[in-house]
Amino acid sequence: MPFHTLNELLAHTSPGFVCEGAGVSRTEQFLAKITHLVPDAASTSDLSKLKQMIAVGSEELLEFYGEHNGLILYKDTIGNAEGVELFAVENMADGTAELRSWLDMGGGAADYNNLKTAIAIGQVPHSGNYFAMPVEGPGVGKVYYVDHDDWREDPYAKSFNEFVIRITSSPAKLLSEDLGCYARYSDGTTNIQWIPIEYLPDISKAIVT
């Protein structure tokens, strides 16, 4: 079943993270309640535009956008933290222009994966880092994480379906380790930046110290 890990994630009615504070005692924890923004399917016109932008290797991507025109995962209900964003089709051109501008300025290493041809399909919010799919060369059909601070030659996922599995299977590890710890949650009272250490499908059942 395509996107089963995403569907399982979205079925959790009261999700959140057990967090530890950056720069504070690790014995102190906070429960961050999160939500997800998942729009309806892209229009027929937008799907046609997406097919034109990524003509080869886009079958799984098109299947996803036939259900959801982008998404935002792990959004803080108090502060502005967000974990992962997939762009709506109409916003991919702007994301792609920003990605290519950075690459044209010499960001990253040699472009063995043809990332200068890639379409930015999403980002890690508040990071300037993009998820991108090349439209030619050996990286067609793969998803790359273009990280300003840690240039990665290997694809983040070998297919779009694998990408969806990776961003939905281990949420706390994803945000605190894999993507660079950019999602910092707020308690609405202090200035502490709370970092996810454990994902909970239902935070109402959690006990924290």
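Quick one: would you say residue 59 is surrounded by fewer than 18 Cβ atoms within 10 Å (Cβ to Cβ), in contact (Cβ under 8 Å) with a residue 12 or more places away in the chain and over 30 Å from residue 19 (Cα atoms)? Break it down into steps so the answer makes sense when it comes.
Numbers: surrounded by fewer than 18 Cβ atoms within 10 Å (Cβ to Cβ): yes; in contact (Cβ under 8 Å) with a residue 12 or more places away in the chain: no; over 30 Å from residue 19 (Cα atoms): yes.
So residue 59 does not fit the description; no.
Within the stretch 80-89, work out how many residues are closer than 15 Å to residue 44 by Cβ and either among the β-branched types (Val, Ile, Thr) or buried (at least 22 other Cβ atoms within 10 Å of the Cβ) (or both). Let's see the steps before the verdict.
First pass over the stretch 80-89, keeping only residues closer than 15 Å to residue 44 by Cβ: 88-89.
Retained after the next criterion (residues that are either among the β-branched types (Val, Ile, Thr) or buried (at least 22 other Cβ atoms within 10 Å of the Cβ) (or both)): 89.
Residues meeting the conditions: 1.
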**Item:** Given (1) surrounded by fewer than 21 Cβ atoms within 10 Å (Cβ to Cβ); (2) within 15 Å of residue 49 (Cα to Cα), number of the condition residue 77 does not satisfy
**Value:** (2)
**Complete:** Of (1) modelled with pLDDT of 95 or more; (2) farther than 19 Å from residue 85 by Cβ; (3) surrounded by 18 or more Cβ atoms within 10 Å (Cβ to Cβ), residue 44 fails just (3)
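Considering only residues that are of a type in the set (A, V, I, L, M, F, W, C) and on the phi > 0 side of the Ramachandran plot, which ones fall in the stretch 152-209?
181
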**Message:** Would you confirm, using the coordinates I've provided, whether residue 81 is over 18 Å from residue 169 (Cβ atoms) and touching a residue at least 60 places away in the same chain (Cβ under 8 Å)?
**Reply:** yes
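Can you go through 5, 77, 44 and tell me which one is in contact with a strand residue (DSSP E or B) (Cβ under 9 Å, 6 or more places away or on another chain) and polar (S, T, N, Q)? Steps first, answer last, please.
Numbers: 5 fails: in contact with a strand residue (DSSP E or B) (Cβ under 9 Å, 6 or more places away or on another chain); 44 fails: in contact with a strand residue (DSSP E or B) (Cβ under 9 Å, 6 or more places away or on another chain).
Within the list 5, 77, 44, the selection yields 77.
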**Complete:** When the stretch 28-59 is checked residue by residue, the ones that are of a type in the set (Gly, Ala, Ser) and not in a loop (DSSP other than H, G, I, E, B) are 32, 45, 48
**Request:** Filter the stretch 153-165 down to the residues that are part of a loop (DSSP other than H, G, I, E, B) and free of Cβ contacts under 8 Å to residues at least 60 places away in the same chain, then identify the one that is nearest to the chain's Cα centre (by Cα).
**Result:** 156
**Asked** Limited to the stretch 15-41, what total is found for residues that are surrounded by fewer than 18 Cβ atoms within 10 Å (Cβ to Cβ), modelled with pLDDT of 95 or more and in contact with a Lys or Arg (Cβ under 9 Å, 6 or more places away or on another chain)?
**Response** 2
**Prompt:** Looking at the stretch 195-209, which of its residues are surrounded by 16 or more Cβ atoms within 10 Å (Cβ to Cβ) and not in a strand (DSSP E or B)?
**Reply:** 203
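Of all residues in the stretch 166-194 being assigned to a helix (DSSP H, G or I) and under 11 Å from the mean Cα position of the chain (by Cα), which is surrounded by the fewest Cβ atoms within 10 Å (Cβ to Cβ)? So that I can check it myself, show each step before the final result.
First pass over the stretch 166-194, keeping only residues assigned to a helix (DSSP H, G or I): 166-169, 171-178.
After this cut, where a residue has to be under 11 Å from the mean Cα position of the chain (by Cα) as well, the list is 166-168, 171, 174-175, 178.
On the way: 166: 17, 167: 28, 168: 21, 171: 24, 174: 21, 175: 28, 178: 14.
Ranking the candidates gives 178 first.
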**Complete:** Those residues of the stretch 170-195 which are touching a residue at least 40 places away in the same chain (Cβ under 8 Å) and closer than 13 Å to residue 124 by Cβ amount to 174, 175, 179, 180, 182, 183, 184
**Message:** Filter the stretch 9-27 down to the residues that are under 20 Å from residue 125 (Cα atoms), hydrophobic (A, V, I, L, M, F, W, C), out of contact with any helix residue (DSSP H, G or I) (no Cβ under 6 Å at 6 or more places or on another chain) and outside any strand (DSSP E or B) and list them by number.
**Reply:** 10, 22
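What is the residue count in the stretch 93-138 for residues that are among the small types (Gly, Ala, Ser), under 23 Å from residue 64 (Cβ atoms) and either surrounded by fewer than 22 Cβ atoms within 10 Å (Cβ to Cβ) or at pLDDT 95 or above (or both)? Write out each step before concluding.
Just the residues of the stretch 93-138 that are among the small types (Gly, Ala, Ser), to begin with: 93, 95, 97, 101, 106-110, 118, 120, 122, 127-128, 132, 137.
Now narrow it down to the ones that are under 23 Å from residue 64 (Cβ atoms): 93, 95, 97, 118, 120, 122, 127, 132, 137.
From the residues that got through so far, the ones that are either surrounded by fewer than 22 Cβ atoms within 10 Å (Cβ to Cβ) or at pLDDT 95 or above (or both) too are 93, 95, 97, 120, 122, 127, 132, 137.
Total satisfying the criteria: 8.
The values are calculated or read from the model by the stated rules, or taken from the named source; none is laboratory data. Quick caveat: nothing in here was measured; it's all calculated off a predicted structure. Ideal geometry is used to build each Cβ from the backbone, glycine not excepted, and the neighbour counts take in all protein chains shown.
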